[in-house]
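Have a look at the structure below, then the notes.
The values are calculated or read from the model by the stated rules, or taken from the named source; none is laboratory data. These numbers come from a predicted model, not from an experiment. Cβ atoms come from the backbone with ideal geometry, glycine included; neighbour counts cover every protein chain shown.
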């Protein structure tokens, strides 16, 4: 199978891919909501019993299971829930992260539609920046997305404003209860600062916007190092090609697509560099 890179690659249709993927289980659908909410609760339990390292790890893990996978699946409504139900839980979970779920949804779906257009894709814009500029982007990133969504989706403004006000109220509660329940404000500070790495992780590290062909505009990651360090979340090329596949099936999707990537002679980012099989997942 040889892919002609002067035209759109002959990738399999989603119907063909879907037939090869293990059907989503009911408990995976439930876990999409239960894991982030349960992890938030776990933080407060750990903090209450002064298990501070575990409390910090819980918040760190939330960064992966919200913006990276569970909330991400709710954005795409691909986790077995109805679309409206997905969006409801997205807003609830992202409120716990002091973000607007509606802003996340609008901006991310727009990213899939317009990447790599610098002007029209605020989420993917950091892929054009230098590393230093990307790190500076972190603290202002959520504000930039908020104002962009307010400007570009007037019909969604009431919901965006409501979610933003709820985030402000939640943060105000943390400040008001600082002396009696400092765990709340500490949690809020951790999730806010944790979101500062989003432009670096989800844009700068994974995108190659200057490449001329769509299949080459997102990095292909392989190797046990990245699987462990990214908690098996670095399948961004696969996700761009088939955003309707939930994160539970990313490794299966990668295995299915490996022959197509090999035929296209895609460069692989991997540690260690030398492996017997160029496109294996280990």
| task | Scan region 228-250 for residues that are modelled with pLDDT under 95, surrounded by fewer than 18 Cβ atoms within 10 Å (Cβ to Cβ) and out of contact with any strand residue (DSSP E or B) (no Cβ under 8 Å at 6 or more places or on another chain) and jot them down. | result | 228, 229, 231, 232
| task | Scan region 122-139 for residues that are touching a helix residue (DSSP H, G or I) at 6+ places or on another chain (Cβ under 6 Å) and farther than 11 Å from residue 209 by Cα and report the count. | result | 6
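Condition test on residue 234, is it under 29 Å from residue 42 (Cα atoms) and in a helix (DSSP H, G or I)? Quick ask: steps written out before the conclusion?
Details: under 29 Å from residue 42 (Cα atoms): yes; in a helix (DSSP H, G or I): no.
Against the criterion (under 29 Å from residue 42 (Cα atoms) and in a helix (DSSP H, G or I)), residue 234 does not qualify.
Can you name every one of the helices (runs of 4 or more DSSP H) wholly within region 1-114 that holds 2 or more residues which are modelled with pLDDT of 95 or more and more than 24 Å from residue 245 (Cβ to Cβ)? Give the derivation first.
On the way: elements: 14-20, 26-48, 52-63, 70-76, 83-96, 101-114.
The qualifying helices (runs of 4 or more DSSP H) are 26-48, 52-63, 83-96.
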